[in-house]
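Each value in this text was obtained by applying a stated rule to the coordinates, not by laboratory testing. Just so we're clear, the structure is a prediction, and the values are computed from it rather than from any experiment. Cβ coordinates were reconstructed from backbone atoms using ideal geometry, including for glycine residues, and neighbour counts include every protein chain displayed.
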Amino acid sequence: MRTSLLAILLIPLATCDRPQPPNIVFIFADDHAAHAIGAYGSRLGDTPNIDRLAREGMLFRNAFVTNSICAPSRAVILTGKHSHLNGVMTNRERFDSAQVTFPRLLQAAGYQTAIIGKWHLKSEPTGFDFWQVLPGQGTYYNPDFRTPAGIVEHTGYVTDIITDKVLEWLESGRDPEKPFLLMYQHKAPHRRWEPGPDQLTFFDDVTIPEPTTLFDDYSGRASAAANQEMTIAEHLYEDDLKLVPPRQLNEEQLASWNAAYEPKNQEFRDANLSGADLVRWKYQRYLKDYLRTITSIDDNLGRLLTYLDRSGLAENTVVIYSSDQGFYLGDHGWYDKRWMYEESLRMPLIVRWPRVVEPGSDNSDLVQNLDFAETFLEIAGVAVPAEMQGRSLLPLLRGEVPDDWRDAIYYQYFEYPAVHMVRRHYGVRTMRYKLIHYYEIGEWELFDLHNDPEELNSVYGHPDYADVLEELEEMLRRLRERYDVPEQDPVPYPEG
Ligand code: CA
């Protein structure tokens, strides 16, 4: 009943000269790897509401980030420009929010724009009619929010609170006369993977399957792979493993946290593990907490989808699910991201758009976060500025692949020296091959993804791949030229 009444109320909006442009709901997680999503065939289990979006929309199998780290990915999405041009090359820079961004352009075109949740770009959000964002990384429990009126405090779990705010804005903050852009951006499942109060004991009775590369020895690759600081074996700490409680808990939260974790921790202390057994235990602890935070994202997505259905908004709303990059879930013995290897290069990207996108469809073309701004603008019927470097995904969403769609993507990671000590590198990936240049140390890797999907054996310098290498080097040169990548690395080494 409620649906039909609202549908009637909405009719006048659709009777203008042209149909009301669609609303855009951009749901963005932080560090949510595609291989932790049921619809991508995850061996880690289902994500029922995200999977529902895939059944009702299009799933992109080859969506890749340009620079696999948090703030830089966000800046690329907002501007449609590579890191070296939007100025956020590492997590250290402040985003210059005077730049042209797609929210500003949508706002100017008559969209009502809102961002709720994680922002992580230091400067204040611009181009938004409404914004409430976490300061910096934010906290999982009892989070503060930055608002135009100052800091607002909250009690509860961040994923629930962000969703409460989203639903409240949709219900009563929105101007029903205007199409809207809503950016619904989670902190989860970012480190330290602190589960919500309702999920503390989820997965206690199951064993999470291990990746085949959990005990990777990094032979067969450049020296960079072995010389990082992001292994499950050595670089997960007490906080990460919940051997101590998170800092922000109030008394009541601490009591339920202790009830959930103290028996498990006692069992661990009694077992006195070492070597591979200890790695396996850490892997289980890490993955279960990671998946618990995702369970909360998925449950809360269910609340949003139900609201969109009941309000009648679902019909004319494009819903996108994505994450700023992928993540290592024990793959190569790691957690975190940064590398151009597949697990952190690939982003989840699912788009539901009733009457435009074929339900249950998928796409394997090479797409990037560089394309998001252009796509949102074209969805809204707004011209894409020439300075943006990506390409609208609209034809792909309609099931049409242009003949001149890209055959390679460009990647560059700049944050070294820094936490996790992943060397700076750039590279090119085609449908089958990947060439990586660790340019500070003069090392290269070449992978044949068809024969070696786990990227364990670089064939750089192998005579069988001489022609492939030559072709990839030429592609890399052309891409660097096309994207105006300066010869000189634009990120100086930090002082000291
Ligand atoms: Ca991230």
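Dividing the summed -39500 (n - 2.57) terms of all DSSP H runs of n ≥ 4 by the residue count of the chain sets its mean residue ellipticity at 222 nm at -9000 deg cm²/dmol. Take the Cα radius of gyration of segment 233-285 and divide it by 2.2 N^0.38 Å, N being the number of residues; the result is 1.22. Quick one: net charge of LEU366's neighbours, Cβ under 12 Å, K/R +1, D/E -1? With Lys, Arg at +1 and Asp, Glu at -1, the net is +4. Amide H contacts for LYS434 (H built 1.01 Å from N in the peptide plane; partners 5 or more residues away or on another chain; cut-off under 5 Å): PHE447, LEU449.
With Cα atoms defining each centre, segment 305-337 and segment 140-167 are spaced 19 Å apart in the structure.
In a DSSP loop and with at most 14 other Cβ atoms within 10 Å, the GluC sites (Glu not before Pro) in segment 71-177 are GLU177. Pairs of lysine residues in the chain that meet both criteria, 8 or more places apart or on different chains and Cα atoms under 25 Å apart, total 29.
Sorting the Cα pairs of segment 134-198 by distance into bins of 5 Å, from 0 upward, gives 4, 15, 24, 25, 16, 10, 5, 1, 0 percent per bin. Kirkwood analysis of segment 368-410, using all unique Cα-Cα pairs, places the hydrodynamic radius at 10.9 Å.
Shown here for segment 263-361: trypsin sites (Lys or Arg not before Pro) in loop regions (DSSP other than H, G, I, E, B) with at most 11 other Cβ atoms within 10 Å, namely ARG355. For the chain, the percent of C-alpha pairs falling in each 20 Å distance bin, counted from 0 to the bin holding the largest distance, reads 23, 57, 19, 1. In sequence order, segment 101-118 has phi-based couplings of 10, 5, x, 4, 5, 5, 4, 5, 8, x, 6, 8, 10, 9, 10, 9, x, 7 Hz under the Karplus curve 6.51 cos²θ - 1.76 cosθ + 1.60, θ = phi - 60°, and Gly or Pro positions carry x. The GluC sites (Glu not before Pro) found in segment 386-450 that occupy coil by DSSP, while having at most 10 further C-beta atoms within 10 Å, are GLU400.
Quotient of the Cα radius of gyration of segment 288-357 and 2.2 N^0.38 Å, N being its number of residues: 1.41. Charges were assigned to the Cβ only: +1 to each Lys and Arg, -1 to each Asp and Glu. The resulting dipole of the chain about its Cα centre is roughly 1120 debye. Projecting the Cα atoms of GLN284, ALA314, TYR141 onto the dipole axis of the chain, where Lys and Arg carry +1 and Asp and Glu carry -1 at the beta carbon, places ALA314 farthest toward the positive end.
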